[in-house]
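Take a look at the structure below.
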Amino acid sequence: WDNADFSRGVGTTFYQEFSTLNTAKPPFVRDVEAKVQRYLRSSYSAAWTLKITWEKAPVHTARTDTQKTITYQAVLTTDGFRSYILMLYQDGGMQWDYTRLTSTKVLIGYT
């Protein structure tokens, strides 16, 4: 994500925290739990979840092209013992031309 450049006033970052220990869970948290359960085939009940959204993030070279943007999310969630991250990308939303980036070593994900 280090190639996003918000310095030109294009794009926005949002976040929302869900503390759901001993409270009713909103549909978004129930959806996150269902994804963790489905992908990992294990029971999971979130105690805390953080959703971060980068909307219409322009590439670092945005000084020349602010039309090619990307919208994506990182969702961090934990039950207090296990923690997970979901990386969500808008379908068809990758507008960056990776061949024009300053680095040709492009990676989507985390380590």
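The values are calculated or read from the model by the stated rules, or taken from the named source; none is laboratory data. Since the structure is predicted, the reported quantities are computational estimates derived from the model, not experimental observations. So basically every Cβ, Gly included, is an ideal-geometry build from the backbone, and we count neighbours across all protein chains shown. The accessibility values were calculated without ligands, DNA or RNA, using every heavy atom of the protein model including side chains. Shrake-Rupley method; radii C 1.70, N 1.55, O 1.52, S 1.80 Å.
Could you check the stretch 48-64 and list, in sequence order, the residues that are surrounded by 13 or more Cβ atoms within 10 Å (Cβ to Cβ), part of a loop (DSSP other than H, G, I, E, B) and not hydroxyl-bearing (S, T, Y)? Spell out how you get there, then give the answer.
Applying the first criterion (surrounded by 13 or more Cβ atoms within 10 Å (Cβ to Cβ)) to the stretch 48-64 yields 48-62.
Checking the rest, the ones that are also part of a loop (DSSP other than H, G, I, E, B) come to 60-62.
Result: H60, A62.
Can you list residue pairs whose Cβ atoms sit under 6 Å apart, with the first residue in the stretch 69-87 being within 11 Å of Y44 (Cα to Cα) and the second being open to solvent by 50 Å² or more (accessible area, probe 1.4 Å)? Count only pairs 6 or more apart in sequence or on different chains. Filtered contacts from the stretch 69-87: T77/Y84; T78/W48; D79/S45. Scanning the stretch 1-38 for residues that are of a type in the set (D, E) and within 18 Å of L76 (Cα to Cα) returns E17, D31, E33. Summed over the stretch 1-47, residues that are open to solvent by 80 Å² or more (accessible area, probe 1.4 Å) and among the aromatic types (F, W, Y) total 4.
Is it true that some residue in the stretch 37-47 is at pLDDT below 85 and either assigned to a loop (DSSP other than H, G, I, E, B) or of a type in the set (V, I, T) (or both)? Within the stretch 37-47 (the criterion being at pLDDT below 85 and either assigned to a loop (DSSP other than H, G, I, E, B) or of a type in the set (V, I, T) (or both)), the answer is no, since none of the residues qualifies. Of all the numbered requirements in (1) at pLDDT below 90; (2) open to solvent by less than 80 Å² (accessible area, probe 1.4 Å); (3) within 16 Å of the chain's Cα centre (by Cα), L76 misses one, and that requirement is (1).
Scanning the stretch 12-36 for residues that are at pLDDT 85 or above and part of a loop (DSSP other than H, G, I, E, B) returns T20, A24, K25, P26.
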